[in-house]
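The values are calculated or read from the model by the stated rules, or taken from the named source; none is laboratory data. Values in this document were obtained by computation on a predicted structure and should not be read as measured data. Every residue, glycine as well, gets a Cβ built from its backbone with ideal geometry; the counts of neighbours run over all protein chains shown.
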């Protein structure tokens, strides 16, 4: 595949060949290509998606690794959060990608090389797009979650370091953070 030498439109991004070996995102028209997540990262995403699905109200559903159009106008922004929560009805439509307005929550799990993007850039993009909740999981000991809640056009952050993460916004949810990482962990039901 030859790489683009210019800023991409959303239409050009959509025409890129499908390739599941890497993660492709678009940041203000610039194509960003990163390696797929490693094993523990994938374990955390799988477990968090499962625990979310078991605790979410029936009208909502958690899904991993789906393209989300954050900005469709020029220059476009397309992200692939590790986990998103959208309406089950929207997921049932089987869309190729979701849009920011479809989301109740986006979750990123920090990987080597993604810390600044996840903590700063995506936080700003998701807030500006109006996504009500944005969680950032840092897997370094102790496992920490930054729960960002939309308030007056920006996010207010609440941090839980180790132990049990509990929230009532945008829905009731709790999980024992370390159980997401360790083999055989089950979270809280």
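The table that follows gives values for the structure above.
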| quantity | calculated |
| --- | --- |
| Condition met for residue 11 (over 18 Å from residue 112 (Cβ atoms) and either modelled with pLDDT under 95 or part of a strand (DSSP E or B) (or both)) | yes |
| Among the residues listed as 43, 23, the single one being assigned to a helix (DSSP H, G or I) and surrounded by fewer than 20 Cβ atoms within 10 Å (Cβ to Cβ) | 43 |
| Test: residue in region 120-138 that is touching a strand residue (DSSP E or B) at 6+ places or on another chain (Cβ under 7 Å), farther than 30 Å from residue 7 by Cα and surrounded by fewer than 20 Cβ atoms within 10 Å (Cβ to Cβ) | yes |
| Top-ranked residue in region 11-20 [being under 17 Å from residue 76 (Cα atoms) and within 20 Å of the chain's Cα centre (by Cα); ranked as surrounded by the most Cβ atoms within 10 Å (Cβ to Cβ)] | 13 |
| Candidates 124, 158, 151 - the one that is free of Cβ contacts under 8 Å to residues at least 24 places away in the same chain and within 14 Å of the chain's Cα centre (by Cα) | 124 |
| Tally of residues being at pLDDT 90 or above and either farther than 18 Å from residue 103 by Cβ or surrounded by fewer than 17 Cβ atoms within 10 Å (Cβ to Cβ) (or both) across region 172-189 | 9 |
| Test: residue in region 79-92 that is surrounded by fewer than 20 Cβ atoms within 10 Å (Cβ to Cβ), touching a strand residue (DSSP E or B) at 6+ places or on another chain (Cβ under 8 Å), in contact (Cβ under 8 Å) with a residue 40 or more places away in the chain and closer than 16 Å to residue 28 by Cα | yes |
